[in-house]
Amino acid sequence: MTRRLTAHGRNNAPGARVAARHLPLAVLVAMLAGCVSLAPNYEQPPLPVPTTFPETEAPQSASALNATAIGWKDYFTDPTLQGLIAEALEYNRDLQLAIQRVEEARAIYGIRRADQFPTLGVEADLARSRVPAGLSGVGRPMTGSQYQAGIGIATWELDFWGRVANLKEAALQNYLATDAARQAVTLTLVEQVANSYLSLRELDERIMLAQATIASREKSYRIFKRRYEVGAISKLDLKQVETLWRQAVALGAQLQQERATRLNALQLLVGKPVDLPHEDVRLDDAAVMRDLPAGLPSDLLTNRPDIVAAEYQLRAANANIGAARAEFFPKITLTGSFGTASAQLSDLFTGPSRAWSFGPGISLPIFDMGRRESNLEAAKAQRDQAVTSYEKAVQSAFRDVADALAARQWLAEQVDTLRATVDAQAERARLAQLRYDHGASPFLEVLDAQRDLLVVQQQLVETRRALLSSRVSLYAALGGGGFATSAQTQTTAATAPAPNGASAPAPASAPKKP
């Protein structure tokens, strides 16, 4: 039996040697493939809000209500507003900072990802030494040289327990969260620019009304002054007309100051000087933006970038728990090198000069005063904080949408009421003027009627702008603009699962410098 085994071994010696050479690599691959993750299974927390929003009509299909599918260029139809938003997305400094933070998070993820692979390096050494005669052992001094060249593996951790993989996963989720935060900044910027533009157009219309009132009252003042000079009216009537005129002038100056202030705020948002002169044309409310239907289901809130970012942070905290758990298990590392060594430089790459080293290592702290337990508890506490932050983000988003829906509904009723009030006040002012002209009432009645007419006209313009702003707020509260639905990344992040089955966000591109 022994002879047959020997003969059998001799007949297959080449195959056995090949198998022996590949066996360590096969075992290593099998061991690495069997790495386990100690992170807890991720479960998305339930939404701590009702399934429907208040102040809405009957629910409609989600496909018809998804604001995230409506790009800002499709939603905001005013050409001037589109140009302002485009410039803000290019030059706004807050958005540039958000993009730069995304680049930083992506670089950190790249570092963590590289930790999963061995680091190969090329090295070449020259060592020359002299041994004195008393230590040489041959009674004379000796001088020698040693030349080495090769490649080596720095300390590489075999990730049996998924510690490195979980740290990479946490870095990936943080990167994705940072990109979602950048998308939230973008959406907020679009909302702020739109509201600033609407505020300027509101002031333009109010200034136009004020200027028309100033011109009318100045004309009336000149007429009444002439009547006073000929003795047709009293000085009291003249001063009452002058008071109306001066009040309109003061209002016009106040509105001009407010417009200049808001224009400066808009220029800060855009990030560059803005050429937006005063327009003497009434704003066409229907031509500014599209409208969103009511009946919006609250689960659409999961498309908001800030909620997406909160869920990515929760996933990162979940992965950190797995990394903390892995610290309780042995850490196995490998170091090694392969190359040539020779006492003569000419023999470095010839002859029997092959040299190699292989050094596996294992370490496991036995007593660390509870450091690992505390680290695990801290990771769990951070996960709990992430859950709470996610739930708070959902509740805040629900309130934003509910407030915008309520504002849209009740402001629309206020606009209708104020339009009827303006008509009534205009008729009152006309009748009061007729009564005064026929001597049936004092001019004080005309004064009150004209003052009330100007106030309600200004209030109508403000309320119309507030109604448009509520539509902007609703669009932003629902995560509109398509910012939360990005393309797959060109890096490994593209294969990472995104919250709610959405695709992972694409890496942000650097902004153009002004």
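Computed quantities for the displayed model
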quantity	calculated
Check on residue 343, within 24 Å of the chain's Cα centre (by Cα), among the small types (Gly, Ala, Ser) and either at pLDDT below 80 or under 24 Å from residue 162 (Cα atoms) (or both)	no
Residue in the range 421-434 that is in a helix (DSSP H, G or I), of a type in the set (A, V, I, L, M, F, W, C) and closer than 30 Å to residue 473 by Cα present	yes
Residue 480 assigned to a loop (DSSP other than H, G, I, E, B), closer than 17 Å to residue 182 by Cβ, at pLDDT 70 or above and not basic (Lys, Arg)	yes
Where a residue in the range 385-396 is assigned by TED's automatic domain parsing to the domain that holds residue 306 and modelled with pLDDT under 90 and its partner, wherever it lies, is among the hydroxyl-bearing types (Ser, Thr, Tyr) and in a helix (DSSP H, G or I), with Cβ under 7 Å and at least six apart	none
Restricting the range 364-391 to residues that are charged (D, E, K, R) and closer than 30 Å to residue 302 by Cα, the residue that is surrounded by the most Cβ atoms within 10 Å (Cβ to Cβ)	383
Subset tally (residues that are in a loop (DSSP other than H, G, I, E, B), under 14 Å from residue 206 (Cβ atoms) and touching a helix residue (DSSP H, G or I) at 6+ places or on another chain (Cβ under 7 Å)) for the range 236-295	5
Those residues of the range 350-385 which are part of a strand (DSSP E or B) and either under 20 Å from residue 331 (Cα atoms) or among the hydroxyl-bearing types (Ser, Thr, Tyr) (or both), in sequence order	357, 358, 359, 360, 361, 362, 363
Qualifying residue in the range 153-175 (condition: out of contact with any Ser or Thr (no Cβ under 9 Å at 6 or more places or on another chain) and either on the phi > 0 side of the Ramachandran plot or assigned to a loop (DSSP other than H, G, I, E, B) (or both))	yes
Residue within the range 180-198 that is under 52 Å from the mean Cα position of the chain (by Cα), farther than 21 Å from residue 269 by Cβ and among the aliphatic types (A, V, I, L, M) present	yes
Any hit, the range 201-222, residues being crowded, with 19+ Cβ neighbours inside 10 Å, in contact with a strand residue (DSSP E or B) (Cβ under 8 Å, 6 or more places away or on another chain), assigned to a helix (DSSP H, G or I) and in contact (Cβ under 8 Å) with a residue 60 or more places away in the chain	no
Flag for residue 399 being out of contact with any Lys or Arg (no Cβ under 7 Å at 6 or more places or on another chain), surrounded by fewer than 21 Cβ atoms within 10 Å (Cβ to Cβ), more than 18 Å from residue 213 (Cα to Cα) and basic (Lys, Arg)	yes
Within the range 215-236, tally of residues that are of a type in the set (Phe, Trp, Tyr) and over 25 Å from residue 454 (Cα atoms)	1
Of residues in the range 241-265 being of a type outside the set (S, T, N, Q) and touching a residue at least 60 places away in the same chain (Cβ under 8 Å), the one surrounded by the fewest Cβ atoms within 10 Å (Cβ to Cβ)	265
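Table: residues versus (1) under 27 Å from the mean Cα position of the chain (by Cα); (2) surrounded by fewer than 10 Cβ atoms within 10 Å (Cβ to Cβ).
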{"site": "112", "(1), (2)": "yes, no"}
{"site": "123", "(1), (2)": "no, no"}
{"site": "131", "(1), (2)": "no, no"}
{"site": "138", "(1), (2)": "no, yes"}
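The values are calculated or read from the model by the stated rules, or taken from the named source; none is laboratory data. Since the structure is predicted, the reported quantities are computational estimates derived from the model, not experimental observations. Glycine gets a Cβ as well: all are built from the backbone with ideal geometry, and neighbour counts include every protein chain shown.
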